[in-house]
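Report on one structure; see the data block that follows.
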Amino acid sequence: MTAIPRDHPRYRSLMARERLVAAPELVAQQGLIAHGRGEAFDYLLGEATCPPARQAIAAAAAALHRAQRPVISVNGNVVALAAREVADLAAAVPATVEVNLFHRTPARVAALTAALAEIGVAALGAEPDDCVPGLASARGLCCRDGIGRADAVLVPLEDGDRAQALRDMGKTVLTIDLNPLSRTAHITIVDELVRALPLLTIAVEARAKVGTFDNAANRRAVLAFMAERLGTLSFNTSRP
Ligand code: PTJ
């Protein structure tokens, strides 16, 4: 890993890149591209959790709390960046963790379940015995005791097809995705994964009651937040 000086203004961002690049056994090469897309959106958000994301986090916590069989679905990026945060959330809910990959290989599934086992999480996913109807990709492979029977599934880094297929199965779908244009989930937390997961764990532990939540309105509020921020920046940027 490249040594990143702690006082570098972009230390956290650069360290996230280093963690992904340093774990090719966990992270698909395509995951690096997906991360770059996330970084671009995060830049527009000011790399901070915006107020609408906090509302979505509260609603997601309530949904996880209400669920009878909640599952956290993880992929390569999620484990490489936030295995510990996933473990904390899974313990707080409590929820089952399942490895579910788009670029699925037995070696990656084994490496991801081993990485989670090292921090005490017995993740499902290595021996799929069920499928998500209508999903042709490898993400359709799942475990009956995990995603198969789940009533609520948290899918960080949303894949629209999968979110829709899970909805079609009658499950409540929650996502954490920096792309505010993703719109398939019931609750979309538009925030960076490593920032959002601890806030979600705190909200789950607080067991706060939440009123009705309108996901479309929330995403509009995120877009308005970004637009206002860009407007302010364009006004403040000195012109030559
Ligand atoms: O590990 P695999 O094989 O399951 O593959 C994982 C990837 C990420 C390659 C796969 O799921 C994929 O192609 O994802 P997409 O469709 O590119 O979507 C990734 C989304 O996650 C994009 O909308 C990004 O903006 C968003 N994103 C990337 N990094 C983060 C993020 N959202 C929150 N936190 C991040 N750190």
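The values are calculated or read from the model by the stated rules, or taken from the named source; none is laboratory data. Predicted, not measured: the structure shown is a model, and the values here were computed from it. Don't worry about glycine lacking a Cβ; one is built from the backbone with ideal geometry, like all the others, and counts go over all protein chains shown. Note: accessible area is taken over every heavy atom of the protein model, side chains too, but ligands, DNA and RNA are not part of it. Shrake-Rupley method; radii C 1.70, N 1.55, O 1.52, S 1.80 Å.
A few comments on the model shown:
- In region 212-240, residue most open to solvent (accessible area, probe 1.4 Å) [restricted to those that are farther than 19 Å from Thr175 by Cα and outside any helix (DSSP H, G or I)]: Arg239
- The criterion of being surrounded by 21 or more Cβ atoms within 10 Å (Cβ to Cβ), of a type in the set (D, E, K, R) and either more than 17 Å from the chain's Cα centre (by Cα) or away from the ligand (no atom under 14 Å from the Cβ) (or both) does not hold for Lys209.
- Residue among Val74, Val78 that is closer than 25 Å to Met226 by Cβ and of a type in the set (Val, Ile, Thr): Val78
- Some residue of region 118-127 being of a type outside the set (Phe, Trp, Tyr) and under 26 Å from Glu39 (Cβ atoms): yes
- Extreme residue, farthest from Thr96 (Cα to Cα), among residues of region 171-190 that are open to solvent by 40 Å² or more (accessible area, probe 1.4 Å) and within 13 Å of the ligand (Cβ to nearest atom): Leu181
So that you can scan it fast, the table gives a plain yes or no per residue for (1) open to solvent by less than 10 Å² (accessible area, probe 1.4 Å); (2) more than 29 Å from Ser137 (Cβ to Cβ); (3) assigned to a helix (DSSP H, G or I):
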position	(1), (2), (3)
Arg6	no, yes, no
Leu26	no, no, no
Val97	yes, no, no
Ala107	no, no, yes
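- Residue match in region 2-20 (condition: away from the ligand (no atom under 14 Å from the Cβ), over 18 Å from Asp159 (Cβ atoms) and hydroxyl-bearing (Ser, Thr, Tyr)): yes
- Extreme residue, farthest from Met1 (Cα to Cα), among residues of region 12-24 that are assigned to a helix (DSSP H, G or I) and open to solvent by less than 30 Å² (accessible area, probe 1.4 Å): Ser13
- Long-range neighbours under 9 Å by Cβ, at least six apart or interchain, first residue among the polar types (S, T, N, Q) within region 20-33, second open to solvent by 80 Å² or more (accessible area, probe 1.4 Å) and within 7 Å of the ligand (Cβ to nearest atom): Gln30/Phe102
- Residue match in region 30-38 (condition: outside any strand (DSSP E or B), polar (S, T, N, Q), near the ligand (Cβ under 9 Å from one of its atoms) and open to solvent by 20 Å² or more (accessible area, probe 1.4 Å)): yes
- Residues of region 40-77 classified as within 8 Å of the ligand (Cβ to nearest atom) and either open to solvent by less than 30 Å² (accessible area, probe 1.4 Å) or in contact (Cβ under 8 Å) with a residue 60 or more places away in the chain (or both), total: 5
- Checked against the criterion of being in contact with a His (Cβ under 9 Å, 6 or more places away or on another chain), within 14 Å of Leu26 (Cβ to Cβ), touching a residue at least 40 places away in the same chain (Cβ under 8 Å) and not aliphatic (A, V, I, L, M), region 87-104 has no qualifying residue.
- Region 148-170, residues that are buried (at least 24 other Cβ atoms within 10 Å of the Cβ) and away from the ligand (no atom under 13 Å from the Cβ): Ala150, Ala152, Val153, Leu166
- Qualifying residue in region 121-143 (condition: more than 15 Å from the ligand (Cβ to nearest atom) and in a helix (DSSP H, G or I)): no
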